[in-house]
1. Can you pull out every residue in segment 1-57 that is among the polar types (S, T, N, Q) and touching a residue at least 40 places away in the same chain (Cβ under 8 Å)?
2. Only residues that are part of a loop (DSSP other than H, G, I, E, B), hydroxyl-bearing (Ser, Thr, Tyr) and in contact (Cβ under 8 Å) with a residue 24 or more places away in the chain: list them for segment 119-148, please.
3. Looking at segment 16-35 only, could you name the residues that are open to solvent by 60 Å² or more (accessible area, probe 1.4 Å) and closer than 24 Å to GLU80 by Cβ?
4. Filter segment 97-148 down to the residues that are among the charged types (D, E, K, R) and either more than 19 Å from VAL72 (Cβ to Cβ) or surrounded by 19 or more Cβ atoms within 10 Å (Cβ to Cβ) (or both) and list them by number.
5. Need pairs with beta-carbon distance below 7 Å; first residue β-branched (Val, Ile, Thr) and within segment 58-77, second in a helix (DSSP H, G or I); sequence gap 6+ or separate chains.
6. Is there any pair linking a residue in segment 83-103 that is closer than 13 Å to GLU115 by Cα to one that is open to solvent by less than 60 Å² (accessible area, probe 1.4 Å) and among the aromatic types (Phe, Trp, Tyr), with Cβ under 6 Å and at least six apart or on different chains, and which?
7. From the list GLU80, GLU76, GLU107, GLU115, which one is modelled with pLDDT of 95 or more, acidic (Asp, Glu) and farther than 18 Å from ARG22 by Cα?
8. Report whether or not VAL31 is more than 19 Å from the chain's Cα centre (by Cα) and at pLDDT 95 or above.
Amino acid sequence: MKLEVTVVPVSDVERAKDFYGRLGWRLDADVSPDEDYRVVQFTPPGSAASIVLGTCVTNQQPGSAQGLQLVVDDIEAAREELARRGAEPSEVFHDSTGVFHHGGTGERLPGADPEGTSYGSFLSFDDPDGNGWFVQEITTRLPGRVDP
């Protein structure tokens, strides 16, 4: 099995479409078979998985998707690009445990992981509805984490 798509609940489809398009994500579909139903699909660059947003695609409240995660090989370059594209990313941070990021901000320490550990540095940003995204820097995958 492979993760194919994640639904991102939004209140304004056009605003969300503009936001994700400005991020440079590929618009895969914008289908509206009737006036009450619309499906918009985007894929982040280099990703095999996509997001879907639209009208009547979920019962989730707009902004309720949290912990959505992207990976990059250069966290500082990703931050600069997100800022340039209008996403308002956080400063780069690492978690006090060095393992993953805690929920909330209480265990965030400023700056990239001091040892430059792969999987150790993060930033966050929200879409216009408050759906929460994390970006994690992965420079070397752990053994077994890549399909043959």
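The values are calculated or read from the model by the stated rules, or taken from the named source; none is laboratory data. This structure is a prediction, so every number in the text was calculated from the model and none was measured. Glycine gets a Cβ as well: all are built from the backbone with ideal geometry, and neighbour counts include every protein chain shown. Just so you know, the surface numbers come from the protein's heavy atoms only, side chains and all, with ligands and any DNA or RNA stripped out. Shrake-Rupley method; radii C 1.70, N 1.55, O 1.52, S 1.80 Å.
1. In the first step, residues of segment 1-57 are kept if they are among the polar types (S, T, N, Q); the result is 6, 11, 32, 41, 43, 47, 50, 55.
The answer is THR6, SER11, SER50, THR55.
2. Across segment 119-148, the qualifying residue is only THR139.
3. Within segment 16-35, ASP18, ARG22, ARG26, LEU27 meet the criteria.
4. Of the residues in segment 97-148, the ones among the charged types (D, E, K, R) are 107-108, 113, 115, 126-127, 129, 137, 141, 145, 147.
Passing the criteria: GLU107, ASP113, ASP127, ASP129, GLU137, ASP147.
5. VAL72/ALA78
6. Note: pairs meeting the criteria are PHE93/PHE122.
7. Testing whether each residue is modelled with pLDDT of 95 or more, acidic (Asp, Glu) and farther than 18 Å from ARG22 by Cα leaves just GLU76.
8. On the way: more than 19 Å from the chain's Cα centre (by Cα): yes; at pLDDT 95 or above: yes.
For VAL31, the condition - more than 19 Å from the chain's Cα centre (by Cα) and at pLDDT 95 or above - is met.
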